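These notes concern the structure reproduced below.
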Amino acid sequence: ALWMCIVLNPHCKLEQKVSWLTQLKKWNGMDVCPWEDGNHGNELPNLTNALPQGANANQENMGQCKSLEYQHLPAHKFLEEGESYLTLAVEVALIGLGQQRIMPDGLYAQEKVCRNEEQLISKLQEIELDDTLVKIFRKQAVFLLEAGPYSGLGEVIHRDSVPMHTFAKYLFTCLLPHDAELAYKSALRAMRLLVLESMASLGDTSRPHHIASVVPNRYPRWFTLSHIESQQCELASTMLTAAKGNVQRLETVLESIQKNIHSSSHIFKLAQDAFKIATLMDSLPDITLLKVSLELGLQTVPTAALSLLSSNPALHKL
């Protein structure tokens, strides 16, 4: 992944790429990876200028992927069988989006993280997925789920990791028509928001969804927390919409919402979304979604549940 980012840099000269390719072929023939410390610096062809340095590396890794400017590359030019500059650039973009990174300090830096992610996803949305690109999405989704600390979708992540909600929503919509099981697995893994979960023991245990108001005081550097929670809510709503008619998936999404979303206002919004989705068609309403709506409403405040009940008599039978 590192070498893909370097070799695909559009600002590199041809002779540099030829030199790197020769070095890669040499290393590929070794049984053990070579050392990459200062004692062997001569074997590394000026990598330090190609990579972000120091504390800013985490927040700039997506900007490194954006610098590929894949929309200007000759997408029709194939490198190897089934590969083109476009497919390689898309794969690098997915690697960058799925990489685990620590939330930086400061309002500007945090807004920059969100903005870079949204800009890169916006570029990806311009591309029409064909069979080759779908295979890349599936491969990267599986890799991110099974990877270690490199991945933001791995089993274990740091409490202060930048959440994957926005990326997971995009990944979910792309994978859903082709591999629904993988789409849900990725989205459900991304639902977590550990910075809030760490506060659960400090809140009122009888009202588990009322800790959001405590967190900003505890974590003042998470200036984008409200935006992050909104994106988490959007991801959950997207899954609820797609799961209509599938009892097992609706129950799984409901459990994820109950476990990971800590804002009463967002819980109530999801209750309203579930109700709208359940009664969207002229046909009979989706009973399972109505139950989801009612259960989410009951978890917030009594007035929310009463509002849902009064809006549709069909809920009285549940």
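The values are calculated or read from the model by the stated rules, or taken from the named source; none is laboratory data. Note that the coordinates shown come from a computational prediction; the quantities given were computed from them, not determined experimentally. Neighbour counts are summed over all protein chains in view; Cβ atoms, including those assigned to glycine, are modelled from backbone coordinates with ideal geometry. These area figures cover heavy atoms from the full protein model, side chains too; ligands, DNA and RNA do not enter into them. Shrake-Rupley method; radii C 1.70, N 1.55, O 1.52, S 1.80 Å.
Computed quantities for the displayed model
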{"quantity": "Selected residue [under 18 Å from HIS227 (Cα atoms) and touching a helix residue (DSSP H, G or I) at 6+ places or on another chain (Cβ under 8 Å)] from GLN119, GLN140, GLN110, GLN125", "calculated": "GLN119"}
{"quantity": "Helices (runs of 4 or more DSSP H) contained entirely in region 153-202, each with at least 1 residues that are under 12 Å from the mean Cα position of the chain (by Cα)", "calculated": "165-175, 180-190"}
{"quantity": "Every residue from region 98-125 that is under 14 Å from LYS169 (Cβ atoms) and either free of Cβ contacts under 8 Å to residues at least 40 places away in the same chain or not aliphatic (A, V, I, L, M) (or both)", "calculated": "GLY98, CYS114, GLU117, GLU118, SER122, GLN125"}
{"quantity": "Answer residue from region 168-198, given it is of a type in the set (A, V, I, L, M) and surrounded by fewer than 16 Cβ atoms within 10 Å (Cβ to Cβ) and is modelled with the highest pLDDT among those", "calculated": "ALA180"}
{"quantity": "Among (1) in contact with a strand residue (DSSP E or B) (Cβ under 9 Å, 6 or more places away or on another chain); (2) surrounded by fewer than 19 Cβ atoms within 10 Å (Cβ to Cβ); (3) over 30 Å from ASN246 (Cβ atoms), the one test that GLN99 misses", "calculated": "(2)"}
{"quantity": "SER161, sole failed condition from (1) open to solvent by less than 40 Å² (accessible area, probe 1.4 Å); (2) farther than 20 Å from GLU255 by Cα; (3) at pLDDT below 90", "calculated": "(3)"}
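For every residue, the table says whether it meets (1) exposed (fewer than 15 other Cβ atoms within 10 Å of the Cβ); (2) over 14 Å from the mean Cα position of the chain (by Cα).
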site: GLY106; (1), (2): yes, yes
site: GLU117; (1), (2): no, no
site: LEU129; (1), (2): no, yes
site: GLN140; (1), (2): no, no
